[in-house]
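The values are calculated or read from the model by the stated rules, or taken from the named source; none is laboratory data. In this text, all values refer to a predicted model and were calculated from it rather than measured experimentally. With ideal geometry, Cβ positions are generated from the backbone for all residues, glycine too; neighbour counts draw on all protein chains shown.
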Number of protein chains: 4
Amino acid sequence: MLVLDELPVEVQEQVAVCRAEVSALHAELPRWGLVVWTAGNVSARVRCAEQIGTDLIVIKPSGVSYDDLSPERMVVCDLQGRKIVDGTPERLTPSSDTAAHAYVYAHMDRVGGVVHTHSTYATAWAARREPIPCVLTMMADEFGGEIPVGPVAVIGDDSIGRGIVEVLDGHRSPAVLMANHGPFTIGADARQAVKAAVMCEEVARTVQIAREGQDGGKNVQALDPSLVDGLYDRYQNVYGQH
Amino acid sequence: MLVLDELPVEVQEQVAVCRAEVSALHAELPRWGLVVWTAGNVSARVRCAEQIGTDLIVIKPSGVSYDDLSPERMVVCDLQGRKIVDGTPERLTPSSDTAAHAYVYAHMDRVGGVVHTHSTYATAWAARREPIPCVLTMMADEFGGEIPVGPVAVIGDDSIGRGIVEVLDGHRSPAVLMANHGPFTIGADARQAVKAAVMCEEVARTVQIAREGQDGGKNVQALDPSLVDGLYDRYQNVYGQH
Amino acid sequence: MLVLDELPVEVQEQVAVCRAEVSALHAELPRWGLVVWTAGNVSARVRCAEQIGTDLIVIKPSGVSYDDLSPERMVVCDLQGRKIVDGTPERLTPSSDTAAHAYVYAHMDRVGGVVHTHSTYATAWAARREPIPCVLTMMADEFGGEIPVGPVAVIGDDSIGRGIVEVLDGHRSPAVLMANHGPFTIGADARQAVKAAVMCEEVARTVQIAREGQDGGKNVQALDPSLVDGLYDRYQNVYGQH
Amino acid sequence: MLVLDELPVEVQEQVAVCRAEVSALHAELPRWGLVVWTAGNVSARVRCAEQIGTDLIVIKPSGVSYDDLSPERMVVCDLQGRKIVDGTPERLTPSSDTAAHAYVYAHMDRVGGVVHTHSTYATAWAARREPIPCVLTMMADEFGGEIPVGPVAVIGDDSIGRGIVEVLDGHRSPAVLMANHGPFTIGADARQAVKAAVMCEEVARTVQIAREGQDGGKNVQALDPSLVDGLYDRYQNVYGQH
């Protein structure tokens, strides 16, 4: 069993930085209206496989209010989702979604952050098991095409994690709508995964409202694929500060 | 007539703790968008029947703004909804919904908290007198199935309280949509009842939006009952900190 | 021409109290989501006809942001909507809706406060020129029946004020939806008029959402008139602190 | 290449004032719900052609969070959208929409401010490529008629800027809905352009909701053109403080 206090000091420092970041990023979920009560979570990967033979995960504790989060209350797990003993006085249980997060980290090395919410409009598309068509330039920018739907997951095995990986591995979209459940998003780091969760809800909402117009949305057309490709390439390479 | 200052000191202390909790929980109603103006209320049971022969209720004063609530302004009543004389300078009248809350406490011993709101989407389903079908995993988690509808209540008798108890007694769901009126929720304590009110509005909103898709919602299917059972059991027993 | 500094001291004091109240109440408009930018206003009547032969009105200055309001920036007018010279360094122009407010005060003595907004859902019903049917107990409580529609007003005469008075005089509802324009609400004082504006938007939103259900809202039925009467009487006489 | 520190002192002062204004105005975008994450931007023209032969533009840096904006982080460009060397330690890249803003300033001398957002309802109309009909008095006031749609823009040339100018030059409306993209608004100064962005979203939302009524919105009629003209003239000339 891994014990945090016995790991190399530089790994302990990486964990501490990651806990502060993950704790702070949770504030973005209620801020952008993605969650109510405690129903959403952010995790990040600590890249320390070289030092200790395995990467670690930092994730929200289960059922704790967003107001009550702090860096030291973030839970540290291994890539099987097992909690690391960390010497803090509280013995908090990690999010009940930890197995799904862990499966994604274990099977997609490029992923540095994972977010799960039940944000309203994305979850509505998930309940319809309907991919969100790429009809907005901002969708082309961020998702590079439609946002896909994942399978209905069963309880008691790793079917949620497997469903996410099957859909997103090799896909441009950093978001998947798990059927009758809600969106999971990934990113190179936790901040990118949070951004994808915010943008996923925004486009889910905008496209649904676009289709509620007088003609039942028949004139809401998917963008031309070459325009989508051009927008996606530009956004991934030119946008932001470099 | 019960007089608060003449009750045993430990009961007075229980009441004081309960007043602070109920006062603070009212802030969650505007925070999560469940209420406008003064139109919603939270109550809690003080379990003191062993000491004084009856439990007591702590509830919001009628028509007072959420900004102006404080522990000492919470009103103490008995299980018939009659106000307890409490020696405070203000003589505030309890919520006009007190009789309904009191009826629930008197007839459902497991209930420790009750919440009533007119939250928009739950009230819209109530106006249609339509139960919310269980099409989301988060509904299976929290409600264990559909959210049921209660009867139209008449004025001047205990028909609201009776309607709530008839529907919720023996039901998994902690929420009932009273026809053309709005949701009432219950919980083992007031915090759980507030959580149920928050989740009730969220699923009411998400399921309605899910059904507003291009096909009129025909592909929004209820979850398989065995999946619902598995999710409900897991959530009630595993979720959160223990 | 009336000059504020030359009025009896007790009238000046009434005006000062009223300015503070009207300034503070404007914060409720953005708080409850009724307005964007500067597009809504509150006024109140100063009952001083006995002292100076005419009541006065206190109202928002035109085009000033809600952040920049203060008691001394509230504008004082007579019942013809003419500004009173008030000796303050700023010479602010009253709201461009002042004529409509003034007409209501001049013709409905029971009115102590008037509010005008373009709140989204109420304005949507106004654009359809469709009264809001009384299908919710909270509508029966506050409005005593349906919320009526007023006429399309022309520019350059007192048609808005006349339209409001024609509809609301003798009506239970404190709100009227002016066609293709938005809601005006009245009250015994400005706070009651603000409350009516908040509740008007809430029921406009809830009833519209109720009718967007799977059956096109055909099962959203108006409440029985005797139930409406019972609820309205109880709410007007029992609710709140007395 | 223009270097800010080498420009005349009065131009440097104009730039400093403009940076403070543009930085502060960005707070209005999340405040009124027009943007998520970093997806919207404000710019202003510095009128200094007399002094240095060309006007300048102040605009948001690309991909920077609204929380992290400050006057000195605003980027200064010329009317070709090329960044001015400004001697500040950070070398921030201007918004990826700078070319579109610059094109508008270069071709419409009356424009002093430009705003771009993906606000939800305006973008939904843009996805349907449907102008917003003038059915509300507040639309007549602010837009003087319908809000028009602009062309689908290609990547890699000045097609967005050209599309905006083609539609808005000579048009009363300060807003254009760029197809499948989102709204751009203009104004005599940046504050007016922000106001137009706020009002554009509000009317996009209200008109869409008006048309979602029981009859599919068939009774939502455009206002009489002479009423629109009267409202527009009055609002442009009488409203506000003068």
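Scan the stretch C:222-239 for residues that are at the interface with chain B (Cβ under 8 Å from one of its Cβ atoms), closer than 13 Å to residue B:153 by Cα and not in a loop (DSSP other than H, G, I, E, B) and jot them down.
Of everything in the stretch C:222-239, those that are at the interface with chain B (Cβ under 8 Å from one of its Cβ atoms), closer than 13 Å to residue B:153 by Cα and not in a loop (DSSP other than H, G, I, E, B) turn out to be C:227, C:230, C:231.
Output yes when any residue across the stretch B:87-109 is in contact with a strand residue (DSSP E or B) (Cβ under 6 Å, 6 or more places away or on another chain), modelled with pLDDT under 95 and farther than 22 Å from residue B:183 by Cβ, and no when none is.
Yes, there is a match, as at least one residue in the stretch B:87-109 is in contact with a strand residue (DSSP E or B) (Cβ under 6 Å, 6 or more places away or on another chain), modelled with pLDDT under 95 and farther than 22 Å from residue B:183 by Cβ.
Scan the stretch C:55-74 for residues that are loosely packed, with under 14 Cβ neighbours inside 10 Å, of a type in the set (Ser, Thr, Tyr) and closer than 14 Å to residue C:22 by Cα and report the count.
1
How many of the residues in the stretch C:118-148 are under 21 Å from residue C:41 (Cβ atoms) and of a type in the set (A, V, I, L, M)?
5
Pick out the one residue from A:115, A:85, A:76 that is of a type in the set (A, V, I, L, M), out of contact with any Leu (no Cβ under 7 Å at 6 or more places or on another chain) and on the phi < 0 side of the Ramachandran plot.
Values: A:85 fails: out of contact with any Leu (no Cβ under 7 Å at 6 or more places or on another chain); A:76 fails: out of contact with any Leu (no Cβ under 7 Å at 6 or more places or on another chain).
Only one candidate qualifies: A:115.
Within the stretch B:29-77, count every residue that is polar (S, T, N, Q) and in contact with a His (Cβ under 6 Å, 6 or more places away or on another chain).
2
Only residues that are part of a strand (DSSP E or B) and either within 10 Å of chain B (Cβ to nearest Cβ) or surrounded by fewer than 22 Cβ atoms within 10 Å (Cβ to Cβ) (or both): list them for the stretch C:181-221, please.
Matches in the stretch C:181-221: C:187 only.
Please find, among B:194, B:167, B:154, B:198, the residue that is touching a residue at least 60 places away in the same chain (Cβ under 8 Å) and out of contact with any Leu (no Cβ under 6 Å at 6 or more places or on another chain).
B:198
If you go through the stretch C:121-143 one residue at a time, how many are among the small types (Gly, Ala, Ser) and more than 17 Å from the chain's Cα centre (by Cα)? It would help to see each step written out before you state the result.
Pass one, the stretch C:121-143, residues among the small types (Gly, Ala, Ser): C:122, C:124, C:126-127, C:140.
Applying the additional criterion that residues be more than 17 Å from the chain's Cα centre (by Cα) yields C:124, C:127, C:140.
Qualifying residue count, the stretch C:121-143: 3.
Taking the stretch A:130-164 as the search range and keeping residues that are within 13 Å of chain B (Cβ to nearest Cβ) and in a helix (DSSP H, G or I), which one is surrounded by the fewest Cβ atoms within 10 Å (Cβ to Cβ)?
A:159
If I filter the stretch D:17-52 down to residues being among the small types (Gly, Ala, Ser) and farther than 16 Å from residue D:189 by Cβ, which single residue comes out as farthest from the chain's Cα centre (by Cα)?
Looking at the filtered set, the residue picked out is D:49.
So, of the residues in the stretch C:165-180 that are within 14 Å of chain D (Cβ to nearest Cβ) and not in a strand (DSSP E or B), which turns out to be farthest from residue C:145 (Cα to Cα)?
Top of the filtered list is C:180.
Give the residues of the stretch A:92-129 that are in a loop (DSSP other than H, G, I, E, B), touching a helix residue (DSSP H, G or I) at 6+ places or on another chain (Cβ under 9 Å) and either surrounded by fewer than 24 Cβ atoms within 10 Å (Cβ to Cβ) or within 14 Å of another protein chain (Cβ to nearest Cβ) (or both), sorted by residue number.
A:92, A:95, A:96, A:97, A:108, A:112, A:118, A:119
Please go through the stretch B:133-151 and give me each residue that is hydrophobic (A, V, I, L, M, F, W, C) and touching a Lys or Arg at 6+ places or on another chain (Cβ under 8 Å), ordered by number.
Passing the criteria: B:143, B:149.
Please tell me if residue C:47 is more than 23 Å from residue C:199 (Cα to Cα) and basic (Lys, Arg).
Details: more than 23 Å from residue C:199 (Cα to Cα): yes; basic (Lys, Arg): yes.
Yes.
Filter the stretch A:1-54 for residues that are in contact (Cβ under 8 Å) with a residue 60 or more places away in the chain and basic (Lys, Arg); which is surrounded by the fewest Cβ atoms within 10 Å (Cβ to Cβ)?
A:47
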